[in-house]
1. Please state the charge dipole magnitude for the stretch 305-451, taken about the Cα centre, from unit charges on C-beta atoms (+1 on K and R, -1 on D and E), reported in debye and rounded to the nearest 20.
2. Could I have the simple spin-label model distance between K542 and S698, label points 7 Å from Cα toward Cβ, reported in nm to one decimal?
3. So how do I551, I59 rank on accessible area, 1.4 Å probe, biggest first, that is with the largest at the start?
4. Let me cross-check E398: its accessible surface, 1.4 Å probe, with only protein heavy atoms counted, in Å² to the nearest 10?
5. Give the Cα extents of the stretch 473-603 along the principal axes, in whole Å, largest first.
6. Taking the Cα-to-Cβ direction at K362 and at E304 and moving 7 Å from each Cα, how far apart do the two end points lie in nm?
7. Restricting to DSSP loop positions (anything but H, G, I, E, B) with no more than 14 other Cβ atoms inside 10 Å of their own Cβ, which trypsin sites (Lys or Arg not before Pro) remain in the stretch 295-367?
8. Taking a virtual spin label 7 Å from the Cα of E171 along the C-beta vector, which residues in the stretch 709-726 bring their backbone nitrogen under 20 Å of it?
Amino acid sequence: MQTIHSRRRTLALAVAAALTTGAAQAQEGGSQQDFTLDQLTITGGPERISNVPGSAHVIDEEALDRHNYGDPIRVLRQIPGVNMRQEDGFGLFPNIGMRGTATGRSSKITLMEDGILAAPAPYAAPSAYYFPPVGRMHNVEVRKGSSAIQYGPYTNGGALNMISTPIPSEEFSGRIQSMLGSDGGERHHAHIGGSEGQWGWMIEGYTDGSDGFRDLDTPRDVQGERSENLSEQDTGFERREFVGKLRWHSAPGAEYYQQVDLKVGMGERDANESYMGQTLSDFRKDPYRRYAASAQDRFHSEREQYSLTHYIEFSEDLDLSTTLYRNNFERNWYKLGNVEGTSHSEIITNPDDNQNLLNWLKGTPATSDAYQGQSNRGLIANVDAGNRKYYSQGIQTELGYRFETGDIQHDLDVGLRVHEDEIDRHEWDDEYAMTETGSMVFTGTSGGPRTGSNRKTEADAIAGYVLNTMSFGRWQVMPGVRYESIDLERTEFADVARSTVSGGRENSYDVVTPGIGATYQVSDALTLLGGVHRGFSPAGSKPDAEEETSINYELGARYNQGAFSSELIAFYNDYDNLLAECSLSSGCNSQQVQNGETFNGGEVEIQGLEATALYDLGADQQLGLNLPLSVTYTYTESEFTSNNIDREFASWGDAQKGDELSDIPEHQLTVSAGIETGPWSGDVTGNYVSDARSEAGSGAIPADETIESRFLVDVSGRYAFTEQVSGIVSVENATDEEYISSWNPAGARPGMPRTYWAGVEVNF
């Protein structure tokens, strides 16, 4: 395996050297075209979507400003075909899938920021414990189906790309936005920058936080009442991110236009967030309660990102973009693991069999009357320190070449990425007891990493693609092929110093995924589209693990006429082998299965319908104001079509052929109505999600497995006092809907209650 590592690193350096040499030879400049956001997008921008031979959507800056959300799940409701499971209410750890892919930690989608893989270790450990804050983004875009084959390695569902704030084209400009909200909520975003001559720059700061909307059981006095002398610990979070950008481009009149962009970012997050939910009966009494045993639970992370991009335009028909990147991430999620060897998930999901342990979680003093002669005073709990470090780095290059053969116009795109990443686990357990007053007391530590959590996994990958978009007459046809070569190696250590290797394993994948998409322009208003492609996701380092593969089909139409635009796409994903990954967040709490193990689900079929419609009534009827209306709808069916199901995975339970998958609602609907007149603007958005299962099954969903249906209403308004200064107000979950948003991890978890926001925005 060391030979493979050396070969990959040597190749990466060779590619970098060759591209740098090519760039140096082209220093003499060229056209006056800027290297714009187009080179960072995966859709080509809103104006080009009508020609994309597949599903593609963009939420632009104006749409993001409408509600000023800090939660990516609320933003992505505007895009059909995206499945989401809320976990913490804030969107700190969003669980996102597309067209039925597993949602857990967004690990089955290709997650990017500015076209660069954003998960901490996208090959070795794809779970997105870092997710770029949507509140500092300029655009959000999604591609699914055959049009997403360009962006891997996770191509069964699709790709999510978040475009960060660009360098201003003006000499100097900026924006400051500051908002305050319920439960001590704060959200502040500021950026300034400018462009002059051959140079451009931008610096940006983003911070948000809250005291939290869940109420942690606080210590009591011996009579059982809450002590007035002890402050309540909040259940909120704080997040801080800073980004700096610097740009240079060639002077006017240079033989070749060139541009170099440097981006540096850093961030930190602290969250008093827990994996612990509630029993169903306790949730019905108080959905926002958190048990006393979660008092020590908190998450801390730090991240650094670096990228250097060189763009050169050799001619109007030939350009090359090359990016070197490095991301560092480390985190420690300190959280309750088990009480006397029984996981808190098992206690909460089976309360009748674990009443004594459940009362320990609640911090209830033990008495002989309450426990029929038993006592929980001496019970000891393990609190896990989920300490992990990650890095990912690589070089990626994209060549664009436009040419003609007869009456056919070709747009040829060729890409290559050489990448490596790593996750290093060094996790340990601390022990706590529960006092009579309901507070946790430290009693000792394991003194070293726990079994199975002193290891690292390394990944080396080479990925390439070729796409040729051919335009002729009313047709546009895009055949393409993607190649992924992945080597994964896990090393397990026997001691803290890591002087002794106790075990390990490795796996490799060499996969070719072809695809083709096409559009046919029936008229100026109507375009038909369709496509088919092979999807792929790697399965980890386990030697006998099979990769996740599927054949995916889509067929639809777009209609754009005046103030009305719409899209309707039917999709069908036929999986040869569906995969799931064991993690606490996905509900896998088995003591016999290590975190990160993969499970085979066998053959699965997922099909559905995606629809969007947008209409500006005011513009169409010439009312002198804008009245934008929009509808987004997703229908999804899922079914296991074989009995080759690895039932050790908790969310699959006792799944049988014919059962539905977990976490996939049948219906999702988002409707929005707005008004823009003079200095005033406002928007009302409603989102409906039907019931979903937390465990695979058929027929009626048991109450203790139901992710509940809900209809949430968000309202926002804005008033421009001057051209530069505006006031902003919004209400999220305006009807204060109470619902179970998830059963994973570990019990019933609530969505965010009614939350108010108010603030000011200054542009200059």
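The values are calculated or read from the model by the stated rules, or taken from the named source; none is laboratory data. Keep in mind that this is a model prediction, so the values were computed, not measured. Quick reminder, even Gly has a Cβ in these numbers, built from the backbone with ideal geometry, and neighbours come from all protein chains shown. For the accessible areas, the whole protein counts, side chains as well, though only heavy atoms, and no ligand, DNA or RNA atoms are used. Shrake-Rupley method; radii C 1.70, N 1.55, O 1.52, S 1.80 Å.
1. Dipole of the stretch 305-451, to the nearest 20 debye: 920 debye.
2. The answer from the label model is 2.6 nm.
3. Ranked from most to least accessible, the order is I551, I59.
4. Roll a 1.4 Å probe over it and E398 shows about 70 Å².
5. For the stretch 473-603, the Cα spread along each principal axis is 69, 30, 29 Å.
6. 4.8
7. none
8. Under 20 Å, as judged by backbone N against the label point of E171, lie 724 of the stretch 709-726.
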